[in-house]
1. When the residues of region 164-192 are filtered to those that are hydrophobic (A, V, I, L, M, F, W, C) and open to solvent by 30 Å² or more (accessible area, probe 1.4 Å), which remaining residue is nearest to residue 89 (Cα to Cα)?
2. Condition test on residue 132, is it of a type in the set (Ser, Thr, Tyr), closer than 30 Å to residue 20 by Cα and either open to solvent by less than 50 Å² (accessible area, probe 1.4 Å) or in contact with a Cys (Cβ under 8 Å, 6 or more places away or on another chain) (or both)?
3. Which residues, counting only those in region 161-176, are modelled with pLDDT of 85 or more and farther than 16 Å from residue 101 by Cβ?
4. Hand me the list of helices (runs of 4 or more DSSP H) wholly inside region 61-128 holding 2 or more residues that are in contact (Cβ under 8 Å) with a residue 24 or more places away in the chain.
5. Give the residue that is surrounded by the fewest Cβ atoms within 10 Å (Cβ to Cβ), with candidates limited to residues of region 52-98 that are within 19 Å of the chain's Cα centre (by Cα) and polar (S, T, N, Q).
6. Would you call residue 115 modelled with pLDDT of 85 or more and buried (at least 20 other Cβ atoms within 10 Å of the Cβ)?
7. For residue 47, indicate whether it is open to solvent by 90 Å² or more (accessible area, probe 1.4 Å) and assigned to a loop (DSSP other than H, G, I, E, B).
8. Identify all residues within region 14-44 that are open to solvent by 60 Å² or more (accessible area, probe 1.4 Å), free of Cβ contacts under 8 Å to residues at least 60 places away in the same chain and closer than 30 Å to residue 194 by Cβ; write none if there are none.
Amino acid sequence: MDKEKLFALLSLLPQATADTVYMTLASALFACILGFPLGAFLYCTSPAGLSPRTLPYNALSRIVNLFRSLPFIILMILLIPLSRFIIGTSIGPTAVIIPLSIAAAPFVARIVEAALSEVDGGVLVAAKAMGSTNMQIIRKVLIPEALPALVSGLALTIINLIGYSAMAGAIGGGGLGDLAIRYGYYRFRTDVTIAAVIIILILVEIVQLTGTAVSRSLLSKR
């Protein structure tokens with residue numbers, strides 16, 4: 001392949017990068033919308049939570065574990081009809097947001113549950129002594145106290161979603177994964193694949209550094 005064709009392939013990187021960022025951020029938003037209430041409910045109904053409920057906790061916990069244990073590529077195939085029903089198509093960056101969000105939501109739920117569980121029990125006792133309701137405790141005590149851990153968990157979620165979005169390229173998801181497979185692997189262009197991988201690594205590093213910086217900043221303000 002001559003330099004002009006190689007340049008033409010590499011010129012696809014900006015759009016592929018934009019598609020990956022779009023898929024990742026949109027699915028992270030929806031995953032938080034779905035996963036945060038689930039995580040708060042898991043914490044509240046857990047044996048050490050604000051309102052222990054064994055049956056609801058065990059039932060929801062098993063459902064969360066079930067979705068977390070499914071390999072993303074299989075989950076994405078299973079959700080193709082749902083993507084086609086909602087978006088009108090099962091391929092492309094927008095369609096992939098649905099399986100990405102559903103795959104990440106259980107992960108977010110566990111992160112939220114763990115972060116809330118780490119809050120000092122003495123703070124909760126003081127809040128209850130002041131007559132705060134469970135909802136007030138969650139909003140005004142648990143979330144502010146757990147915010148650094150929640151930010152770190154969000155960064156980890158976004159990093160996982162970047163990896164998931166790359167896998168989605170194997171079945172028409174678009175983005176850097178699609179570029180690496182369709183133009184790199186299938187056409188035996190190792191340089192194109194390496195370029196896509198480098199950009200993915202850069203994105204991961206940016207997210208990790210940003211999450212760490214924000215989390216440390218929140219801790220320093222306490």
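1. Taking region 164-192 as the starting set, the residues that turn out to be hydrophobic (A, V, I, L, M, F, W, C) are 166-168, 170-171, 176, 179-181, 188, 192.
Within this subset, residues satisfying the condition of being open to solvent by 30 Å² or more (accessible area, probe 1.4 Å) are 167, 170-171, 181, 188.
Numbers: 167: 18, 170: 16, 171: 13, 181: 21, 188: 29 Å.
Ranking the qualifying residues of region 164-192, first place goes to 171.
2. Working: of a type in the set (Ser, Thr, Tyr): yes; closer than 30 Å to residue 20 by Cα: no; either open to solvent by less than 50 Å² (accessible area, probe 1.4 Å) or in contact with a Cys (Cβ under 8 Å, 6 or more places away or on another chain) (or both): yes.
No: the conditions fail for residue 132.
3. Taking region 161-176 and keeping what is modelled with pLDDT of 85 or more, we get 161-167, 175-176.
Hits for region 161-176 are 166, 176.
4. Working: elements: 72-78, 80-87, 93-117.
Ranges flagged: 72-78, 93-117.
5. The extreme case among them is 69.
6. Numbers: modelled with pLDDT of 85 or more: yes; buried (at least 20 other Cβ atoms within 10 Å of the Cβ): yes.
Judged against the criteria, residue 115 is a match.
7. Numbers: open to solvent by 90 Å² or more (accessible area, probe 1.4 Å): yes; assigned to a loop (DSSP other than H, G, I, E, B): yes.
Spelling it out, residue 47 is indeed open to solvent by 90 Å² or more (accessible area, probe 1.4 Å) and assigned to a loop (DSSP other than H, G, I, E, B).
8. 14, 15
The values are calculated or read from the model by the stated rules, or taken from the named source; none is laboratory data. If you're wondering where the values come from, they're calculated on a predicted model, not measured in any experiment. All Cβ positions, glycine included, derive from the backbone under ideal geometry; neighbour counts span all protein chains shown. For accessibility, only protein heavy atoms count, side chains too; no ligands or nucleic acids. Shrake-Rupley method; radii C 1.70, N 1.55, O 1.52, S 1.80 Å.
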